[in-house]
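To keep things clear, I will list the structure first and then write my remarks on it.
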Amino acid sequence: MIETRPHSAHWGAFDAVVEDGRLIGVRPFSRDPVPGDLIGAMPAVVHAPSRIDRPYVRKGWLEGGRRGSARGGDAFVPVSWDSAVRLVAEETARVRAEHGDRAILGGSYGWSSAGRFHHARSQLHRFLGLGGGFTGQVTNYSYGAGMTLLPHLVGTNDPVQGPVTDWTSIAKHTRLMLCLGGLPLKNGLVTAGGSGAHEYVPLMRRAVAAGVRFVNVSPFRGDCDAMLEAEWIPIRPNTDCALLLGMAHAIVQAGWEDRSFLATRAVGWERLRAYLLGEGDGIAKTPEWAAAITGVPAETIRRLALEAASVPTMLTATWSVQRAEHGEQPWWMLVALAAMLGGIGRPGQGFGFGYGSINGMGTPRQELPSVSLPGTRNPANLFIPVARVTELLERPGEVLQYNGRDIVLPDIRMIWWAGGNPFHHHQDLNRLLRGWNRADTVVVQEPWWTAVARHADIVLPATTTLERNDIASSSRDRFVRAMHKAIPAQGQARDDHAMLADIADALGFRDRFTEQRDEGAWLRHLYGKWRHACAGLGVEVPDFDEFWARGHIEFPAPEGKDFVLFEDFARDPEANPLNTPSGKVEIFSETVAGFGYAETPGHPVWHEPREYLGSPLAAKFPLHLLSYQPATRLHGQLDPGPVAAASKIAGREPILMHPDDAAARGLAEGEVVRIFNDRGACLGGLRVSEAIRPGVVAMATGAWFDPEVPGSTDSACVHGNPNVLTQDVGTSRLGQGCSAQSCLVEIERWRGALPPVRVHAPPAVVAA
Ligand SMILES: Nc1nc2c(c(=O)[nH]1)N[C@H]1C(S)=C(S)[C@@H](COP(=O)(O)OP(=O)(O)OC[C@H]3O[C@@H](n4cnc5c(=O)[nH]c(N)nc54)[C@H](O)[C@@H]3O)O[C@H]1N2
Ligand SMILES: Nc1nc2c(c(=O)[nH]1)N[C@H]1C(S)=C(S)[C@@H](COP(=O)(O)OP(=O)(O)OC[C@H]3O[C@@H](n4cnc5c(=O)[nH]c(N)nc54)[C@H](O)[C@@H]3O)O[C@H]1N2
Ligand SMILES: [Mo]
């Protein structure tokens, strides 16, 4: 019998089509105007051979191998749930007793799945917090540098987390939209918590029809879809700050900066002006100066600057622009330029980050809370900036500087991950693995044999969302969606909550963890709390049973008034000051300057990255590798499915290269190539395209890490995971964000037999 059930994922809402306990298809949610194709991958992925069928323990760990073990090469031994739970509980208790709570790394960064109750990372945080505490993680890979910086500049993270100025306001008022990194449509396919509707495409079309001119400043033409009719300005990667400085210089030369805004609503303009004019360092940041760095002609820079100063302009940058060495600087300079243009807080003007980075940015929506699992205190009270995980593992006892704080790094003995994949998200994977091997024990909860599960000691098989009931809800979406359980748990997989409840039981705190609720009671409880919060804001929502039966709640887009970021501040800065020390936009931040970091002197500055096309290393590795978000999956999720498979070349992740660079190396479309630098190597399938700037190559993240020699810490990835190549260095001591986009490589034809991709099949398993 065929049945359908309402459900949702980060990549879209759908009705699950089920026959005899198997997911056989999906139907897009009827209210989604542009559902995208990722949901179609789900049946194959949910039933993939790479699902983990039962609990396992690494053979070497069972034999006593702890700190210093080589992980990733051993076979796994199947164990019962009872013994897995006992082993994890005993090891947790031992590590806490012998090394303290901070010896457990439980930050567990990662997107997990949609569904707010069974959110794996939140469940693990609750469990570890109630159990005594853990070393946690702050910020994120997405915009970690930016979210540390923006509160210093404008007192809030709204410009990156939203709400940002609505697309409807842009359509009505903006004439020029300058987009660093473009507005890639592929990234709008997803929203954390579940995408009910993908409304950005029709909203962008409205802006085009209304006559907004789009400018795509990016190494990749494809960052603006043809429908945007954008002018493409191919820029050298990681040089956006220099471009913006050159524009600012041109505006000052013309005397077109908005002096009234700068005097009444910003502080520090005089300092930036002096820097622009070269008063301190003797270098005027002219368009000619910027042209030499960016590869963008000086006339183009001057033309753009004067246009921006003459018409209502919206400035935006993708999040990736700050995932680079000194990634704080282009964002800081973009805020400063917006202040010079004077449009901050005016309809269709000002700035916002990520209009093309995720679904829902700029989609008109009523501001309401989202359904969520309550957090708990972390009694260990220690948090590391997330992208510094390898340093944490490498340097116990040493100090890490971050945003004015000195953090003493603990000695991590136990690593516990649920809902994230550091062998997807982290940079320089060989180095990560060397640090990872310093732990005594690694516990991983995963539905699939991803690289993080393969590098664990104790592997606990988790259900997918299809195997449980939940609620999808996101602060960037107008829909709250019921997620009905559609199929039984596969193999011996269990929900993260259920397995953690059993481990809590063995450790004596089950009731504090579950609060004596089962799944159904939790869903009613979380929904009830959320309904109450909505009522407090004057918004009535149906009771749980009605919601569950109907499958979704829609909040209509607000009629009439568009949201404009910083509107109240711009209108009356005395009455509505920003939450900064001055109450104004801080072009110069005394706070940041006071940290004393030479690389972040207090106003935006151009710094040469160690790795970019202008650095000495480019003589050895002449190609700048961008590793962007995949159109065919969400990070590593859905990689075993047909959408990702269809895009690969001989089973390898595609890499884009300009025809001139291909010709110089004698390479042709469709060939398998070896991409390498001093940190590592991976294979890829060559796509030759004029849409990418010469000297730049681009490869999506997310092909599952598949080392040719599992367990080795200097093996090539045969599948095409760019993170064997990327450098692991903080953006600066201010943001300590991820610098994945600062990476130089060389590329050659792969010669010899093609090693098989084995990572989509389970690893070796042996009896005890
Ligand atoms: N080179 C390079 N690297 C990057 C980036 C880049 O631009 N370039 N981008 C970075 C960014 S912005 C991000 S956000 C990160 C993303 O990095 P991650 O969020 O770590 O990547 P995902 O593959 O989404 O990992 C989620 C994992 O959770 C698992 N999972 C899903 N549902 C469940 C569940 O219910 N229970 C459990 N236990 N597990 C579940 C999935 O199988 C998957 O392995 O990558 C970063 N890495
Ligand atoms: N389909 C899909 N969508 C996703 C995700 C996914 O995995 N799949 N991941 C989601 C997540 S977690 C996040 S954080 C967001 C990330 O959103 P973004 O960070 O915006 O996404 P990216 O694709 O990494 O980068 C966008 C573009 O920026 C350009 N770019 C890179 N470096 C530079 C530079 O130095 N200068 C300029 N001017 N341009 C540059 C690249 O050409 C790239 O295509 O995407 C989200 N959306
Ligand atoms: Mo992200």
Point to revise | Scope segment 286-333; condition in a helix (DSSP H, G or I), open to solvent by 30 Å² or more (accessible area, probe 1.4 Å) and without any contact (Cβ under 8 Å) to a residue 60 or more places away in the chain; matching residues | key: Glu288, Trp289, Ala292, Glu299, Arg302, Arg303, Leu306, Ala309, Ser310
Revision key, fill the gap. Of the residues in segment 624-662, those that are in contact with an Asp or Glu (Cβ under 9 Å, 6 or more places away or on another chain), more than 14 Å from ligand 2 (Cβ to nearest atom) and either assigned by TED's automatic domain parsing to the domain that holds Gly327 or assigned to a strand (DSSP E or B) (or both) number 1
Exercise for review: Look at segment 89-118 and say how many of its residues are in a helix (DSSP H, G or I) and more than 25 Å from Trp522 (Cα to Cα).
Suggested key: 13
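Quick one: would you say Val459 is within 26 Å of the chain's Cα centre (by Cα) and free of Cβ contacts under 8 Å to residues at least 40 places away in the same chain?
Against the criterion (within 26 Å of the chain's Cα centre (by Cα) and free of Cβ contacts under 8 Å to residues at least 40 places away in the same chain), Val459 does not qualify.
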Exercise for review: Search segment 556-575 for residues being surrounded by 11 or more Cβ atoms within 10 Å (Cβ to Cβ) and at pLDDT below 95, and hand back the single one that is nearest to Leu262 (Cα to Cα).
Suggested key: Lys561
Point to revise | Out of Asp706, Asp678, Asp728, Asp714, sole residue that is among the acidic types (Asp, Glu) and farther than 30 Å from Val57 by Cβ | key: Asp678
Check your understanding: Which condition number does Gly40 fail, the rest of (1) more than 28 Å from Leu185 (Cα to Cα); (2) open to solvent by 20 Å² or more (accessible area, probe 1.4 Å) being met?
Key -> (1)
Review point. Could you list, in sequence order, the residues of segment 165-184 that are of a type in the set (A, V, I, L, M, F, W, C) and in contact with a Cys (Cβ under 9 Å, 6 or more places away or on another chain)?
Key: Cys179, Leu183
Check your understanding: Quick check: anything in segment 504-519 hydrophobic (A, V, I, L, M, F, W, C), without any contact (Cβ under 8 Å) to a residue 60 or more places away in the chain and open to solvent by 20 Å² or more (accessible area, probe 1.4 Å)?
Key -> no
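Arg733 - would you say it is in contact (Cβ under 8 Å) with a residue 40 or more places away in the chain, in a loop (DSSP other than H, G, I, E, B) and in contact with a strand residue (DSSP E or B) (Cβ under 8 Å, 6 or more places away or on another chain)?
On the way: in contact (Cβ under 8 Å) with a residue 40 or more places away in the chain: yes; in a loop (DSSP other than H, G, I, E, B): yes; in contact with a strand residue (DSSP E or B) (Cβ under 8 Å, 6 or more places away or on another chain): yes.
Criteria met by Arg733.
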Review point. Within the bounds of segment 338-356, is there any residue that is among the hydroxyl-bearing types (Ser, Thr, Tyr), open to solvent by 10 Å² or more (accessible area, probe 1.4 Å) and assigned by TED's automatic domain parsing to the domain that holds Gln161?
Key: no
Review point. Any idea which residue in segment 79-105 is surrounded by the fewest Cβ atoms within 10 Å (Cβ to Cβ), counting only those that are within 16 Å of ligand 1 (Cβ to nearest atom) and under 15 Å from Val459 (Cα atoms)?
Key: Trp81
**Study point:** Residues of segment 622-631 satisfying the condition of being open to solvent by 10 Å² or more (accessible area, probe 1.4 Å) and away from ligand 3 (no atom under 16 Å from the Cβ)
**Key:** Pro622
Practice item. Filter segment 222-241 down to residues that are charged (D, E, K, R) and surrounded by fewer than 18 Cβ atoms within 10 Å (Cβ to Cβ) and give me whichever is nearest to Gly181 (Cα to Cα). Key: Glu231
Check your understanding: Taking helices (runs of 4 or more DSSP H) that fall entirely within segment 119-219, which contain at least 2 residues that are away from ligand 2 (no atom under 15 Å from the Cβ) and open to solvent by less than 20 Å² (accessible area, probe 1.4 Å)?
Key -> 120-130, 144-154, 167-173, 200-209
Check your understanding: If you scan segment 460-498, which residues turn out to be more than 9 Å from ligand 1 (Cβ to nearest atom) and among the hydrophobic types (A, V, I, L, M, F, W, C)?
Key -> Leu466, Ile471, Ala472, Phe479, Val480, Ala482, Met483, Ala486, Ile487, Ala489, Ala493, Ala498
Exercise for review: Scan segment 28-48 for residues that are farther than 13 Å from Thr464 by Cβ and either out of contact with any His (no Cβ under 7 Å at 6 or more places or on another chain) or not in a loop (DSSP other than H, G, I, E, B) (or both) and jot them down.
Suggested key: Pro28, Phe29, Ser30, Arg31, Asp37, Leu38, Ile39, Gly40
Check your understanding: Of all helices (runs of 4 or more DSSP H) completely enclosed by segment 539-611, which ones contain at least 1 residues that are under 30 Å from Arg468 (Cα atoms) and either basic (Lys, Arg) or without any contact (Cβ under 8 Å) to a residue 40 or more places away in the chain (or both)?
Key -> 544-550
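The values are calculated or read from the model by the stated rules, or taken from the named source; none is laboratory data. The structure displayed is predicted, hence computed values, not measured ones. Please note: Cβ atoms are built from the backbone with ideal geometry, for glycine as well, and neighbour counts cover all protein chains shown. Quick note on the areas: whole protein, heavy atoms, side chains included, nothing else; ligands and nucleic acids left out. Shrake-Rupley method; radii C 1.70, N 1.55, O 1.52, S 1.80 Å.
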